[in-house]
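Undergrad: Could you have a look at this structure, given as structure tokens, before my questions?
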Amino acid sequence: MSNSPPPSPSHNLRENVLLYTSQTAEGLVPRDTDQPDGIKFHDCVAEMIADSLRTQKDPPFQHLMLSGEPSSGKTTELKRIATALLETESVEQQVLPVYSELQYAVSGSSKDLWANLVSGSADPQLANIKQSNSLKNLKNVANDQDKKLILFIDTLDILLLDDGKEVANIWAEFLAEATEHAVHVIWTCRPYEWKFFEKEFPPKMSKITKKLPLPPLSLYHIDYFSPPPEYFLGIR
């Protein structure tokens with residue numbers, strides 16, 4: 001149990017995160033999956049994470065990385081995964097989520113990774129919670145509420161704007177701390193930039209981290225552009 005006072009009852013991390021992540025464009029092309037029942041990619045991943053959260057002993061993975069090329073839709077899919085997970089009946093009230101977009105962080109230094117996560121949070125009130133000053137303290141908040149803390153982190157690769165090797169070490173240390181405190185971390189990263197992180201990634205961490213490449217958009221759902229008849233008649 002933590003000795004610090006609990007956050008204000010009016011502050012609902014789950015609802016604040018859900019309000020942000022659910023704001024995605026409608027009608028986007030789905031992605032190919034190997035699921036025979038046609039389940040959407042983000043729903044499939046959310047169920048995988050939910051299974052991991054429900055497993056008390058030897059979960060299939062603790063952390064997950066969503067990998068994809070620039071402008072391939074990683075941010076949109078991470079939002080959809082977070083929304084689907086937070087709306088999954090079996091875990092919706094059992095998790096305390098933090099959703100952060102590192103491109104909006106205002107910490108000023110990639111060396112203070114936790115400060116970047118808090119300042120880049122989609123929850124505008126997170127920084128006002130006294131217990132958000134460290135991962136351990138926020139984990140204590142989750143423990144007090146009998147919930148599991150889960151971090152969604154978008155654009156990890158942006159940290160490489162600073163010294164690559166040092167940042168990679170900082171990330172490895174942060175993930176080790178999250179692992180120690182039983183915090184689940186879901187993040188996005190470009191494949192090329194991940195090579196720099198991977199060099200400093202401990203082998204034991206790889207065993208509990210699922211690396212998931214972003215599948216291509218489904219060709220069966222793409223509507224190809226057809227010019228109007230006037231185009232072929234030379235009418236502009």
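The values are calculated or read from the model by the stated rules, or taken from the named source; none is laboratory data. Keep in mind that this is a model prediction, so the values were computed, not measured. Please note: Cβ atoms are built from the backbone with ideal geometry, for glycine as well, and neighbour counts cover all protein chains shown. Keep in mind that these areas ignore ligands, DNA and RNA; they rest on the heavy atoms of the full protein, side chains included. Shrake-Rupley method; radii C 1.70, N 1.55, O 1.52, S 1.80 Å.
Undergrad: Any chance you could look up the accessible area of TYR20 with a 1.4 Å probe, heavy atoms only, rounded to 10 Å²?
TA: Near enough 60 Å² of accessible area.
Undergrad: Next up: Filter the cross-link list LYS79/LYS195; LYS130/LYS195; LYS139/LYS211; LYS111/LYS195; LYS40/LYS111; LYS74/LYS195 down to pairs whose alpha-carbon distance in this structure exceeds 28 Å.
TA: Where the Cα-Cα span goes over 28 Å, the pairs concerned are LYS130/LYS195; LYS40/LYS111.
Undergrad: Let me ask something additional. Dividing the alpha-carbon radius of gyration of region 72-197 by 2.2 N^0.38 Å (N being the number of residues), what value is obtained?
TA: Region 72-197 yields a ratio of 1.03.
Undergrad: Can you pull the one-decimal nm distance between simple spin-label points at SER71 and ASN169, each 7 Å off the Cα toward Cβ?
TA: 3.6 nm
Undergrad: A further question follows. Measure out, as a whole number of angstrom, how far apart the alpha-carbon centroids of region 75-117 and region 131-208 sit.
TA: What the calculation gives is 11 Å, centre to centre.
Undergrad: Let me ask something additional. Enter the accessible area of HIS11 (Å², nearest 10), with the probe set to 1.4 Å and all protein chains included.
TA: Here the accessible area works out near 30 Å².
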